[in-house]
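Structure record follows, encoded as structure tokens.
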Amino acid sequence: MKAKDIMSPFNGVALDPEMGLKEAVEFMSSYKKNDGTVGVKGMLVMNGDKVVGTLSMEDVLRSVIPFYINPLLSDFTWEGMLLNMASRMCNKKVKEIMNKNLIFAEQDDSLMECAEKLIKYNLQRLPVVEKGKVVGIILIRDLYNVVINKILGRLNGNTDGCGDK
């Protein structure tokens with residue numbers, strides 16, 4: 001199997017780097033997916049047709065926690081500090097907190113290559129490109145589903161998973 005076999009086609013919906021964080025978070029939390037569920041954990045950030053970053057829940061949380069706060073000193077932070085820091089983020093733009101370290105897969109990359117990228121770079125989503133253009137997205141959940149379907153013997157009608165013999 002290849003990346004193209006499990007990717008979801010890219011529908012062109014992305015965040016703009018100049019978008020305000022509040023607007024981006026509202027958009028992500030109200031975005032209706034193809035399966036009818038509402039809300040996504042992250043999205044591509046695009047300037048025109050060029051991917052310039054990603055914005056995820058983790059990026060938003062990371063932006064609220066100052067880099068200089070040592071977790072070992074958490075007893076010394078004040079009550080309400082997290083909410084105070086969150087209110088300071090209201091005027092930030094997506095480009096200020098998005099992840100700019102972009103990792104891509106090609107359509108013909110093996111699933112092992114995709115898994116390696118997702119794990120090595122601690123990613124939840126992997127854009128799939130063809131000739132520099134995004135054509136799809138693989139979520140870590142997509143790859144996980146392939147693995148568990150194999151384990152359960154449900155992949156391609158195959159019954160040789162890890163079930164009872």
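A few remarks follow.
- Estimated purely from DSSP H runs of n ≥ 4, each contributing -39500 (n - 2.57), the mean residue ellipticity at 222 nm for the chain is -9000 deg cm²/dmol once divided by its residues.
- Sorting Phe104, Phe10 by the number of Cβ atoms found within 10 Å of their own Cβ, with the fewest placed first, yields Phe104, Phe10.
- Listed candidates (1) 1.34; (2) 1.23; (3) 2.29 - label of the one calculated as Cα Rg over 2.2 N^0.38 Å: (2)
- Between Gly39, Gly53, Gly153, the Gaussian network model of the chain with springs among Cα atoms under 10 angstrom shows the greatest mean-square fluctuation at Gly153.
- Footprinting exposure proxy for Ile65, Ile138, Ile6, Ile119 (fewest neighbouring C-beta atoms within 10 Å first): Ile119, Ile65, Ile6, Ile138
- Modelled spin labels at Arg62 and Gln124, positioned 7 Å past Cα toward Cβ, are 1.2 nm from each other.
- Excluding same-chain neighbours fewer than eight residues apart, the lysines reachable from Lys22 by a Cα-Cα span under 23 Å are Lys32, Lys33, Lys41, Lys50, Lys92, Lys93, Lys95, Lys100.
- Inter-part distance, segment 105-145 to segment 12-36, computed on C-alpha centroids, equals 21 Å.
- Residue with peak Gaussian network fluctuation, the chain [Cα springs, cutoff 10 Å], from Val129, Val146, Val60: Val146
- Residue-span extension gain [Met112 to Asn34] - 0.36 nm each, minus C-alpha spacing: 25.4 nm
Every number in this text was worked out from the coordinates using simple rules, so none of it is lab data. Since we're looking at a predicted model, the values are computed, not measured. Every residue, glycine as well, gets a Cβ built from its backbone with ideal geometry; the counts of neighbours run over all protein chains shown.
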